[in-house]
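Below is one structure, written out as structure tokens; the observations come after it.
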Amino acid sequence: MSRIGFGAFLAPHHPIGEHPTLQLRRDLDLVEHLDRLGYDEFWCGEHHSSGWETIASPEMFLAAAGERTGHIRLGTGVVSLPYHHPFNVAQRMVQLDHMTRGRAIFGTGPGALPSDAYMLGIDPMVQRDRQDEALGVILRLLRGEPRFSYECEWFTLRDAALQLLPLQESLPVVVASTVSPSGMTLAGKYGTGVISIGSNSTAGLQALPTQWKFAEEAAARHGQAVDRGNWRVLMSFHIAETRELARAQARHGLQRWHNEYTVQTLQRPGAVHFDSPDAAIEAFAAEGGGAVVGTPDDLIAAIRNLQSVTGGFGTVIGFAHDWANRQDTFNSWEMVARYVIPEVNGMLGGLRESQRHLIENRESFERAGQAVMSKIMSHEGAVKAMQEAATAQQAMPGHHAPDLRGKSTSGG
């Protein structure tokens, strides 16, 4: 069975009201926690408005995270390419790769928040085309192609080349995909990986079974190849020891996140306000509701189902949120690492088989037990014989037997 990776995606989505500096420190604590637990990847995004999303530069955040961690790979999830000159993006990613000793992943997108694009004077109708154009140029720079010039309506390059290339021989590149086929099509055009961010919504989940074919078709048209192993799928979950406990921990935070962020801030079409925490939990944790709020077994079943309906992918990316308090949130990630990851990846089969073999073949091992008992009995018999001999010697006239310390029992 092919193993899959596990990671976390931090937009971030933090409720307004907490000290933003402390939020950033807690986010760094989370990366460090995930690194200790053996997670494969951590992603954080770029946003400039909404109040809930406070990381403006994923590269800066990930550079700090790189100093706290040693193994986890660090992905920009994502750099909004229409907001930046492509040369500067390439330069920052190269520096990040060196600062993290080759652990950087370059994730790209057109920009998620209309308010960000509006502030920067960018027409939303051109964002995806500009992402395409910028990505093509950035890939040429990262490959170290000979100096080239490029001019278009929104940026210019003259005899451009990077003076320093990434530490990794081939820096991993990933395109964000939501519900529409544009992200998958772009990934196919350039032969990159994909991170399906929209899969934490009902509409996104429903679109997943047909998404990968868009990447394959685009790759075929452009002479590229795509690999399902480079497909990352986002999942929302909160895990605890029991389903009831998980729901009790997450219910209020989930309601607030949905009502204040999704409904009020984003004003996402079709999103409805929940009047109670229980209503929010029931809607999201129901089958097809877009979240798993329950036990490790519930998440294991959901991942296996997602593997089946999508045809397979390379990495599960958990959506990082503040539905529960810090302690319960960190415990949720730990339970996934302890119980979900090894089960999904078939790491426990050998242990279970070994135990079952011992139970089912007990008679084969009885002789070993008999041998142990025989040695014990032989030892006890020898000790008894020595004690009897010593007693007999002491009974003989004129005999002075030494005690256990080697001194004469007569005291002379």
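The values are calculated or read from the model by the stated rules, or taken from the named source; none is laboratory data. These numbers were taken from a predicted model, which means no experiment stands behind them. Every residue, glycine as well, gets a Cβ built from its backbone with ideal geometry; the counts of neighbours run over all protein chains shown.
Answer yes or no: is there a residue in the range 287-308 that is of a type in the set (S, T, N, Q), loosely packed, with under 13 Cβ neighbours inside 10 Å and at pLDDT 95 or above. No; the residues of the range 287-308 include none that is of a type in the set (S, T, N, Q), loosely packed, with under 13 Cβ neighbours inside 10 Å and at pLDDT 95 or above. Assessment of the range 68-80 against the conditions (at pLDDT 95 or above and touching a Pro at 6+ places or on another chain (Cβ under 6 Å)) yields at least one matching residue. Looking at Gln327, is it assigned by TED's automatic domain parsing to the domain that holds Gly183, free of Cβ contacts under 8 Å to residues at least 24 places away in the same chain and in a loop (DSSP other than H, G, I, E, B)? The answer is no for Gln327.
If I filter the range 95-105 for residues that are closer than 16 Å to Leu24 by Cα and in a helix (DSSP H, G or I), do I get at least one hit? The answer is no, given that none of the residues of the range 95-105 is closer than 16 Å to Leu24 by Cα and in a helix (DSSP H, G or I).
Of the residues Gly253, Gly289, the single one that is outside any helix (DSSP H, G or I), touching a residue at least 60 places away in the same chain (Cβ under 8 Å) and either closer than 14 Å to Ala324 by Cα or not aromatic (Phe, Trp, Tyr) (or both) is Gly289. Scanning the range 217-247 for residues that are surrounded by fewer than 20 Cβ atoms within 10 Å (Cβ to Cβ), under 18 Å from Thr178 (Cα atoms) and among the basic types (Lys, Arg) gives a single hit, Arg228. Scanning the range 118-140 for residues that are buried (at least 19 other Cβ atoms within 10 Å of the Cβ) and either over 29 Å from the mean Cα position of the chain (by Cα) or modelled with pLDDT under 95 (or both) yields Ile122, Arg130, Glu133, Val137, Arg140.
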